[in-house]
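In what follows, a single structure is set out as structure tokens and then discussed.
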Amino acid sequence: MPILSLITFLPVIGVFFILSMDSRRGELIRITTLLVSIVVFVLSLPLYFNFDPRGHEMQFVEKLPWIPSFGIHYHVGIDGISLFLILLTTFITPIAILASWHITKHLKEYMIAMLVLETGMIGVFISLDLFLFYVFWELMLIPMYLLIGIWGGPRRIYAAIKFFIYTMSGSVFMLLAIIALYFLNHRATGEYTFNLLEFYRLELSFAVQFWLFLAFAFAFAIKVPMFPFHTWLPDAHVEAPTAGSVILAGVLLKMGTYGFVRFCLPLFPAASHVFIPVVSWMAIVGIIYGALVSMVQDDLKKLVAYSSVSHLGFVMLGIFAFNIQGIEGGITQMINHGLSTGALFLVVGMLYERRHTRMIADFGGLTKRMPVFATLFLIVTLSSIGLPGLNGFVGEFLILLGAFKSRILYASIATSGIILAAVYMLWMFQRVMFHEIIHEENKTLKDINKREFAILLPLVLIIFWIGIYPNSFLRKMDASVNHLLKQAGGEVQTASHLQTQNVPVTPQIDIVSETETAW
């Protein structure tokens, strides 16, 4: 069964069903969209259970000629790096749709945009042909632009245009680099192709690697977004509807970090090593800057938005540690950020639906009126901080292990971001949920309903699952990350890698590898 094609294009089939429906049948449109997204998630689960963690080769591969005269193929597949990003996409989408139940304005078009967006996001993570990758990369911009520009807040047009221009600017440079690889491969092999796996075999001079790395990195740094390319993010998050913010934080930002792992490191290993200090310092500045700016925010949504800049700085720091602890920590933290920050945006959205304000000063004492909500909100807050036993701790711990192993100075400075995160997150929670109720409107607030509980509960369960048993995730990506490090000239000899090859692990193995093996 072509399972990757099925989960990618099933949302488009759902779009045709919705197009045939009467716009006045809002409930039917909502239920149909939700059911389609749930079916996509269920169909994606065999990817996890049937994935073979012993090999680094691409799995569930499908390859068909598309435009053969130009060497363009429909070529898709996944490995341990892309596996969890696809599952995150199919998991987050039905939650975002369920959180959109209050949408009434142009409901039919809204749900179509959500399904097309899901197809674009999955397509980015499965593409092994760079032309196909670029098509999906650009495709997902359109529905997100519409979600922000039509269903967003008062400054939605400004935020949507800024989001589109920033992302398109980076995409143009990436397109030029893709075309350059196309002709460089023809010069080396005599074959015209956009096959990513073929590009991995190219032996490029350092000068060529340098400029192509910059072109790809510029596009991905904007998408992450890394400091100083982050300025579009707070506007997009604040103006987007709740579901748009959840998708943006949960999946779209991961396309940038995924791009560095999938393209920059293995395609341009020499240039990637040269740029370690630049990227690491940008990540560190982003960690501290994002935390400090979050600390002074009066708007709940802006606080969560700037926290993304800080958290994704950790991801980039882990990726450019060039060891298995750092990269696996970075990939895990991509998933963690999607879950925790997505849940925070949902929480903010639930508060906004009740009070039509996001200002922290307008709340206070909500635990007395909303005890179930307060409990779930606290779990998500502690997850974002990185409390042991919850998902955030796993990713941050591995990232810092990898960073300490690579550059002690970088890790030492970045650790301050964890302290600052605890400050701004706990202070925010205290002001919103504790103290006396001083606003009359808060005295009549109702606790979360069944639909809202159904939205948050799956996220909380996954948060605990990753925090308590992270090896169910790490072992799936181990072989792929080791192969990536071989391609990129990083450190590959770790305890977990040796065990997968049935080689005895000697007592002399270092403390970082011992910790990972214990996990």
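The values are calculated or read from the model by the stated rules, or taken from the named source; none is laboratory data. Just so it is clear, the structure is predicted and the values come from calculations on it, not from any experiment. All Cβ positions, glycine included, derive from the backbone under ideal geometry; neighbour counts span all protein chains shown. Areas reflect the complete protein model, heavy atoms only, side chains present, ligands, DNA and RNA absent. Shrake-Rupley method; radii C 1.70, N 1.55, O 1.52, S 1.80 Å.
Just to be sure I understand, how many residues within region 360-392 are under 28 Å from the mean Cα position of the chain (by Cα) and of a type in the set (G, A, S)? Qualifying residue count for the region: 6.
In this structure, M111 qualifies as part of a helix (DSSP H, G or I), touching a residue at least 24 places away in the same chain (Cβ under 8 Å) and more than 14 Å from I7 (Cα to Cα).
One residue stands out in region 101-145 among those that are open to solvent by less than 40 Å² (accessible area, probe 1.4 Å) and charged (D, E, K, R): the one that is farthest from K63 (Cα to Cα), namely K108.
Criterion applied to K486, K476, K405 was being more than 20 Å from F345 (Cβ to Cβ), assigned to a helix (DSSP H, G or I) and in contact with a Phe, Trp or Tyr (Cβ under 7 Å, 6 or more places away or on another chain), and the one residue passing it is K476.
Going by the conditions given, is I288 within 14 Å of the chain's Cα centre (by Cα), of a type in the set (A, V, I, L, M) and either open to solvent by 10 Å² or more (accessible area, probe 1.4 Å) or at pLDDT 90 or above (or both)? Full working, then the answer.
Numbers: within 14 Å of the chain's Cα centre (by Cα): no; of a type in the set (A, V, I, L, M): yes; either open to solvent by 10 Å² or more (accessible area, probe 1.4 Å) or at pLDDT 90 or above (or both): yes.
Against the criterion (within 14 Å of the chain's Cα centre (by Cα), of a type in the set (A, V, I, L, M) and either open to solvent by 10 Å² or more (accessible area, probe 1.4 Å) or at pLDDT 90 or above (or both)), I288 does not qualify.
Sub-7 Å Cβ pairs linking a first residue in region 429-441 that is under 14 Å from I360 (Cβ atoms) to a second residue that is open to solvent by 60 Å² or more (accessible area, probe 1.4 Å) and outside any loop (DSSP other than H, G, I, E, B), at least 6 apart or interchain, are F429/L378, ordered by first then second residue. With respect to the stated conditions, K368 fails to be closer than 19 Å to V224 by Cβ, touching a residue at least 60 places away in the same chain (Cβ under 8 Å) and surrounded by fewer than 23 Cβ atoms within 10 Å (Cβ to Cβ). The condition (being within 19 Å of A159 (Cα to Cα), touching a residue at least 40 places away in the same chain (Cβ under 8 Å) and of a type in the set (A, V, I, L, M)) is satisfied by just one residue among V285, V224, V279: V224.
The condition (being surrounded by fewer than 18 Cβ atoms within 10 Å (Cβ to Cβ), modelled with pLDDT under 90 and at negative phi) is satisfied by just one residue among P504, P458: P504.
Is region 70-77 home to any residue that is assigned to a helix (DSSP H, G or I) and open to solvent by 10 Å² or more (accessible area, probe 1.4 Å)? Yes. Just to be sure before I move on: is E452 of a type in the set (D, E), surrounded by 16 or more Cβ atoms within 10 Å (Cβ to Cβ) and farther than 30 Å from P277 by Cα in the structure I sent? It is true that E452 is of a type in the set (D, E), surrounded by 16 or more Cβ atoms within 10 Å (Cβ to Cβ) and farther than 30 Å from P277 by Cα.
State whether the residues of region 272-281 include one that is open to solvent by 10 Å² or more (accessible area, probe 1.4 Å) and in a loop (DSSP other than H, G, I, E, B). Within region 272-281 (the criterion being open to solvent by 10 Å² or more (accessible area, probe 1.4 Å) and in a loop (DSSP other than H, G, I, E, B)), the answer is yes, since at least one residue qualifies. The single condition among (1) surrounded by fewer than 21 Cβ atoms within 10 Å (Cβ to Cβ); (2) over 20 Å from the mean Cα position of the chain (by Cα); (3) assigned to a helix (DSSP H, G or I) that T357 does not satisfy is (3).
Just the residues that are more than 23 Å from L484 (Cα to Cα) and touching a residue at least 60 places away in the same chain (Cβ under 8 Å), please, taken from region 168-207. Matches in region 168-207: E191, Y192. Scanning region 406-427 turns up at least one residue that is modelled with pLDDT under 90 and open to solvent by 40 Å² or more (accessible area, probe 1.4 Å). Looking across H75, H102, one residue alone is in contact (Cβ under 8 Å) with a residue 24 or more places away in the chain and closer than 30 Å to M350 by Cα. It is H102. Condition check: closer than 26 Å to D129 by Cβ, outside any helix (DSSP H, G or I) and not polar (S, T, N, Q). Does K105 satisfy that? So K105 does not fit the description; no. Among the candidates E198, E191, the residue that is farther than 25 Å from S100 by Cβ, modelled with pLDDT under 90 and not aromatic (F, W, Y) is uniquely E191.
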